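Each remark here refers to the structure printed beneath this line.
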Amino acid sequence: MTTTISIGSGKGGTGKTMILANLALLLARKGKKVCLLDLDVGGADTHLLFGLFEPKYSLTDFLTRKVDTLQDTLHTFYSYNGLQFLPGTGNTLQTANMSYQEKQRLLRAISTIDADVVLIDVGAGTNYHSLDFFMFSDIQICVTLPDPTSILDFYTFLQLATIRRVLGSFLSRSQVSSTLKKQHFTSLSQVFRLAEDTQKGAREKAQLALKYFHPLLVVNRDSANARVNKKKLNSLTSKYLGIEIPPLGEIPEDSAAGEALKAYIPVCELFPDAPVSIALDTMANKLAKVIELFADHS
């Protein structure tokens with residue numbers, strides 16, 4: 001059974017790509033068959049973290065049908081425990097603005113990948129592509145920095161992700177769906193209210209769509225002077241979004257992360273004893289247990 005995991009953030013520069021690339025490597029070291037996908041269609045750069053400057057194939061080749069299958073675009077890092085990787089390079093206007101049909105074709109192809117774990121790096125922000133790729137997975141990870149603006153962007157990202165999930169829970173041709181799609185919502189409560197006004201019992205169905213949505217929280221570049229009040233943040237998401245955000249881990253501010261980026265080598269490979277690498281390894285162990293629990297209950 002394949003478990004899909006996506007990582008997203010409310011803004012760029014949170015380090016989500018660095019985090020996911022290292023988690024992919026660490027899970028591969030633990031014996032998992034791992035495939036890492038770069039679906040940041042607006043600014044793909046995961047390949048650089050592995051020193052892969054000119055991939056033979058990329059996501060664009062699949063979308064433009066230059067290759068027959070998504071499998072044909074995968075690159076295997078034999079020096080990194082056989083980690084498979086889909087580069088998101090070669091961005092074109094067609095790639096960045098793929099149609100609904102192209103996106104559905106891509107998602108169907110992702111479902112056929114032969115791997116234990118498929119990790120998806122989605123673009124930062126709240127465009128439809130980012131939200132849809134993020135919500136497509138079995139397990140979601142959200143990354144934020146501890147500063148106030150990042151926390152605000154993080155909350156906005158989660159709010160729009162929950163709205164997107166609720167809207168997708170109704171059949172596309174149903175009366176509720178038709179009514180909701182005509183509106184522009186700024187809060188989840190507005191969605192619930194209009195859904196119930198349109199059809200009795202729709203609110204309960206909408207809330208049910210969020211029952212198993214519990215994105216894991218990662219705080220990057222954490223420090224003693226800038227700690228996130230996770231209890232308060234969880235209280236806000238529970239009260240206003242109806243979801244819990246269990247912590248996956250905190251990554252300390254560490255210059256080793258920047259040095260590894262400059263060397264085009266994952267930090268866990270270049271500096272395995274650095275504080276950032278130890279934190280990432282702890283997260284990978286925790287994530288491996290989450291994957292096992294998910295597989296057992298699927």
Among the residues of the range 115-153, how many are under 13 Å from Ser9 (Cα atoms), out of contact with any Lys or Arg (no Cβ under 7 Å at 6 or more places or on another chain) and hydrophobic (A, V, I, L, M, F, W, C)? 8
Would you confirm whether any residue within the range 209-216 is under 30 Å from Ser187 (Cβ atoms), small (Gly, Ala, Ser) and in contact (Cβ under 8 Å) with a residue 12 or more places away in the chain? yes
Take the range 139-156 and flag every residue that is at pLDDT below 95, touching a strand residue (DSSP E or B) at 6+ places or on another chain (Cβ under 8 Å) and not hydrophobic (A, V, I, L, M, F, W, C). Thr144, Pro146, Ser150, Asp153
May I ask you to list pairs of residues, at least six apart or on different chains, whose Cβ atoms are under 9 Å apart, with the first in the range 253-272 being at positive phi and the second being surrounded by fewer than 17 Cβ atoms within 10 Å (Cβ to Cβ)? Tyr264/Leu48; Tyr264/Gly51; Tyr264/Leu52; Tyr264/Phe53
Count, please, the residues in the range 271-293 that happen to be of a type outside the set (Val, Ile, Thr) and surrounded by fewer than 16 Cβ atoms within 10 Å (Cβ to Cβ). 8
For the range 68-83, how many residues meet the condition of being buried (at least 17 other Cβ atoms within 10 Å of the Cβ) and either touching a Ser or Thr at 6+ places or on another chain (Cβ under 8 Å) or of a type in the set (A, V, I, L, M) (or both)? 4
Among the residues of the range 200-242, how many are under 25 Å from Thr179 (Cα atoms) and surrounded by 12 or more Cβ atoms within 10 Å (Cβ to Cβ)? 11
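A quick yes/no check of all residues on (1) modelled with pLDDT of 85 or more; (2) closer than 30 Å to Leu26 by Cα:
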site	(1), (2)
Leu180	no, no
Ala206	no, no
Phe213	yes, yes
Ser223	no, yes
Ser238	yes, no
Gly249	yes, yes
Pro266	yes, yes
So, of the residues in the range 52-61 that are touching a helix residue (DSSP H, G or I) at 6+ places or on another chain (Cβ under 8 Å) and more than 14 Å from Ser99 (Cα to Cα), which turns out to be surrounded by the fewest Cβ atoms within 10 Å (Cβ to Cβ)? Phe53
Show the residue pairs meeting these rules: Cβ distance below 8 Å; 6+ apart or different chains; first residue within the range 191-204 and of a type in the set (Val, Ile, Thr); second residue at pLDDT 85 or above. Val191/Ile163; Val191/Val166
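The values are calculated or read from the model by the stated rules, or taken from the named source; none is laboratory data. Fair warning: this is a prediction, and the values are worked out from it, not measured in the lab. No Cβ is skipped: glycine too gets one built from the backbone with ideal geometry, and neighbour counts run over all protein chains shown.
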